[in-house]
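Remarks on the structure that follows.
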Amino acid sequence: FCFHNLILIHSNSKENSPTRGNNHSAKSNEASMAVISYTNLDRIKILVREAAEKAIRTVRMNLGDKYAGSGAYIRAYRLPSVSEGYIGLNELFAAWIGGYANDDKLDMYIIVSVEKAIRLATYAQASGHVSSWESRDTTAKNKYGGAILIHCLVPELGTEPTNLIFTVSGLSEHGDEAVAILTALNLPWQANGVPEIIEKINNNLARRLI
């Protein structure tokens, strides 16, 4: 029950969606992000959006007609210390990216994208996971792959490397993962550990595209 409520709280911090327009992030996130100037945060959002748009176009072309015109809900979180688990998550970006062929399931995608990030942060703390695929559970509802954890240097966040979680929901599981991976690689932040992530999740789609 508590875990479900936590997902709902995070999922209410929607930057924008095809049907809801722009919304401010949750107040708790605003407080935790106070040390980052709005100028830098705006730049991060622009960079992530551009990287994600490029990524989803590339992935859709390789998924075939089934996903033509589809979009996905994409989030980026900062996790300063893996030892903090999901409590340390700071949302940097949240938006629907791509087409609208599947936006009838938008509410589910919003919630699932949050669940993946929270679960990954939890297992990263407990077991050193770097993807939500490592804790996916096909016997449980909505516990899918599609989130990755990378280590990189983001100048807009400071001079020390940090951890970022990219989580995607809307395509197939390997499609979501590929979008997350390509988004990370499309950014000018020197993402580390991507080949290791691809090997762990055995994502041939992502392997082909990088």
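Quick notes on this one:
- Flag: Val82 matches the condition of being open to solvent by less than 60 Å² (accessible area, probe 1.4 Å) and under 27 Å from Glu160 (Cα atoms).
- Taken over the stretch 121-162, the criterion of being closer than 30 Å to Ile46 by Cβ and aromatic (Phe, Trp, Tyr) is satisfied by Trp133, Tyr144.
- Residue in the stretch 92-105 that is open to solvent by 40 Å² or more (accessible area, probe 1.4 Å), under 18 Å from the mean Cα position of the chain (by Cα) and either modelled with pLDDT under 95 or not aliphatic (A, V, I, L, M) (or both) present: yes
- Residues that are aromatic (Phe, Trp, Tyr) and in contact with a Cys (Cβ under 6 Å, 6 or more places away or on another chain) do occur in the stretch 186-195, at least one of them.
- Residue under evaluation Ser11, criteria (1) at pLDDT below 95; (2) among the polar types (S, T, N, Q); (3) over 14 Å from the mean Cα position of the chain (by Cα); (4) open to solvent by less than 40 Å² (accessible area, probe 1.4 Å), criterion not met: (3)
- Of the residues Tyr123, Tyr77, the single one that is touching a His at 6+ places or on another chain (Cβ under 7 Å) and either buried (at least 22 other Cβ atoms within 10 Å of the Cβ) or among the aromatic types (Phe, Trp, Tyr) (or both) is Tyr123.
- Each residue in the stretch 129-183 was checked for being open to solvent by less than 10 Å² (accessible area, probe 1.4 Å) and in contact with a Cys (Cβ under 9 Å, 6 or more places away or on another chain), and 2 pass.
- Of the residues Asn90, Asn142, Asn102, Asn163, the single one that is over 20 Å from Val48 (Cα atoms) and out of contact with any Asp or Glu (no Cβ under 8 Å at 6 or more places or on another chain) is Asn102.
- Search result, residues across the stretch 58-91 that are in contact with a Ser or Thr (Cβ under 9 Å, 6 or more places away or on another chain) and assigned to a strand (DSSP E or B): Ala72, Tyr73, Ile74, Arg75, Ala76, Tyr77, Arg78, Asn90, Glu91
The values are calculated or read from the model by the stated rules, or taken from the named source; none is laboratory data. As the structure is a computational prediction, the values presented were derived from the model and not from experiment. Heads up, the Cβs are rebuilt from the backbone with ideal geometry, glycines too, and the neighbour counts pull from every protein chain shown. For the accessible areas, the whole protein counts, side chains as well, though only heavy atoms, and no ligand, DNA or RNA atoms are used. Shrake-Rupley method; radii C 1.70, N 1.55, O 1.52, S 1.80 Å.
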